[in-house]
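Comments concern the structure below.
The values are calculated or read from the model by the stated rules, or taken from the named source; none is laboratory data. Everything numeric here is computed off the predicted structure, so don't read it as measured data. Using ideal geometry, Cβ is built from the backbone for each residue, glycine included, and neighbour counts are taken over all protein chains shown.
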Amino acid sequence: MNNHFCKEKQHIDIEMNKLISRLEQAEQDLHRAHTILDTLTEQLVYQDTNQRVQWLNKAAADSLGKNAKDLVGQHCFRLWKGRSKPCVNCPVKKAMETTKPQQMEITSPDDNVWFIKGYPIINETGTVIGGIQIIQEITGQVQALDAIHRNKKELVAINEELVAMNDQLMSSEAELRQQRAYFQQLFENSPEAIVLLDNTDRVIDVNKGFEHLFQYTKGESTSQFINDLIAPEHLIEDAQEKSQAVLSGNSIDGETIRKRKDGKLLHISLLAYPIMLNNHQMGIYAIYRDITRRKQTEEKLKFLSLHDPLTGLFNRTYFNQQLENLELNSLFPTGVIICDVDGLKLVNDALGHRIGDKLLIAAASVIRKCFDKEYVVARIGGDEFAIILPNSIGSDIETAAQRIREEVTVYNTNNSDLLLSMSVGYAVSDQPPHDIAVLFKEADNNMYREKLHRSQSARSAVVNTLKKALEARDYITEGHADRLQNLVVAMAEKMALPERSICDLRLLAQFHDIGKVGIQDRILFKPGPLTDEEMSEMKKHSEIGHRIALSAPDLAPIAQWILKHHEWWNGSGYPLGLKGDNIPLECRILSIADAYDAMTSNRPYRQAMTSEQAIYELRKCSGTQFDPQLVEIFIEKIENNGL
């Protein structure tokens, strides 16, 4: 009997040892899972069906400033919300009620945005035994989306997940297996790419985020060396050093580059931690986040910080940096060329900034063609460009400046509708000057000296551009300027005006409406009466024309007439409200001829009047709009000569 008893005892001891071994292994697995989850910044909470906390990770406990053990058994809504009953629309409560995952988004009083997920925990019999709550802060993501919608900027979203596990389920193997399944769900459902590695840097497991990011399936990844999979060839050594650092017990938090299965390189934020159990290194836990779009945005911002957004050339900041580098690197002899677009302000005032920008882009293109990419070509001001030519002697700089002038000529030959005029100046220094700014100033002074010498031809080029712009737009009154010249000359000859006045009247007839280049097309070509606001805008054309004429030597003699050609005999005209003989004679002549030609020409909204009808209207407005004496002279000329 004693023998039988001993055998039974031995059998029981063997079974107990097996059970203890299995429990120890399960405890090791659980400890490993806890170690992994406690390295996460996400907060994880497991609740029973009464929403009492059964387990939470370190991040969740830290968010309350308490020890995790002190929080077990308490209601989650009391801990986080200070409430005496469950929260309205609680996703965990709904998940346990519906047996389906739930989610919601809330904004806290401090304007932080949180994304909350709830998952039901269902045992083998199909009974709901609890719930998992995952809370992720998405404030950064929301702000990043807003930034992208406005000005094209991205911010990296920070998200946290909360999961709850029950400490009381650690007493049996079945409970440990169940808890291990919970941890696997968290691992699989994490939005980040996560990989588990062994002590040789081989892949043990990857989650869905990893499969999605790097395009390798779990089967393709398992047992492979991680760096053979995703480290670019030129970064293999660096990647191996990082792996060795983590295997030595250190954590990694930084940015690097990794490659997808298709070879595409990605900018990555990398977090890697050692997995420790009883002071023994078990492997590596690594998290990858794709920051490629953020890096692209940073590169774009860097480009914009050093480049002019309109022309794509370097900007003044970069130009000044390169000037300073000349002194530091002693790249002498060195030359600086300064180019200034003539008449840009006049073009902007008359044709608008869109045309002015087009002229600047043309200037940038002309200059860029003249130099190889290694030369610094920059837009350093509104209408100024500059080029740095290191290791260049005086003859090289002079040749380069002449090349710019020749390229301008080529451009103007092919673009007669928008003529480009540039003043070019340069300076050369054989050795570093006391102040590098002296070299720049000398080039700038030489440019302005050339501008003074050629100011008349430059302004004439701008005026010709404006004239062509007016001709191109004024399709309604095609031939109007020619007919008007004939009318005013005929009237001037009848009045026996001197030849000089007749020549000026010809010029006035041709350019009196030059200011219309500054009026919007929707107003200028409106097929019907103008509103008060539109009429006010239209009246500005005489002042715009006056400014243009003052800027051009050829038109300066008639600038005052351009300003006053819409004044009325009775003083109700614009812009000065002049009356009677205070209105220049030439303006009074032009206004009659201009009105007659307008009335006898077709318009989109009416047919032309007969000469008799137009004469009737002139007499009707005689003494109010027109000089009555000049009206009779004009009518006599029309009736006798049939003009």
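Summary table below
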{"quantity": "Of all residues making up the stretch 90-137, the number that are closer than 19 Å to Ala61 by Cβ and assigned to a helix (DSSP H, G or I)", "calculated": "1"}
{"quantity": "Criterion: at pLDDT below 90 and outside the structural domain of Gln133 (by TED's automatic domain parsing) - qualifying residue of Val246, Val203, Val156, Val163", "calculated": "Val246"}
{"quantity": "Helices (runs of 4 or more DSSP H) fully within the stretch 210-270 counting 3 or more residues that are out of contact with any Cys (no Cβ under 6 Å at 6 or more places or on another chain) and buried (at least 18 other Cβ atoms within 10 Å of the Cβ)", "calculated": "226-230, 236-247"}
{"quantity": "Residue within the stretch 558-572 that is touching a helix residue (DSSP H, G or I) at 6+ places or on another chain (Cβ under 9 Å), among the polar types (S, T, N, Q), at pLDDT 90 or above and surrounded by fewer than 17 Cβ atoms within 10 Å (Cβ to Cβ) present", "calculated": "yes"}
{"quantity": "Subset of the stretch 95-116 [among the β-branched types (Val, Ile, Thr) and touching a residue at least 12 places away in the same chain (Cβ under 8 Å)]", "calculated": "Thr98, Thr99, Val113, Ile116"}
{"quantity": "Long-range neighbours under 6 Å by Cβ, at least six apart or interchain, first residue outside the structural domain of Lys345 (by TED's automatic domain parsing) and buried (at least 21 other Cβ atoms within 10 Å of the Cβ) within the stretch 512-531, second not basic (Lys, Arg) and not in a helix (DSSP H, G or I)", "calculated": "His512/His565"}
{"quantity": "Matching residues in the stretch 526-551 - criterion: being within 17 Å of His566 (Cα to Cα) and in a loop (DSSP other than H, G, I, E, B)", "calculated": "Leu530, Lys539, Lys540"}
{"quantity": "Qualifying residue in the stretch 551-561 (condition: under 26 Å from Ile638 (Cβ atoms) and without any contact (Cβ under 8 Å) to a residue 24 or more places away in the chain)", "calculated": "no"}
{"quantity": "Unique residue being assigned to a helix (DSSP H, G or I), surrounded by 18 or more Cβ atoms within 10 Å (Cβ to Cβ) and of a type outside the set (S, T, N, Q) when the list is Glu617, Glu586", "calculated": "Glu586"}
{"quantity": "Within the stretch 345-375, tally of residues that are modelled with pLDDT of 85 or more and part of a helix (DSSP H, G or I)", "calculated": "17"}
{"quantity": "The stretch 516-525, residues that are in contact with a Lys or Arg (Cβ under 8 Å, 6 or more places away or on another chain), part of a helix (DSSP H, G or I) and modelled with pLDDT of 80 or more", "calculated": "Lys516, Leu524"}
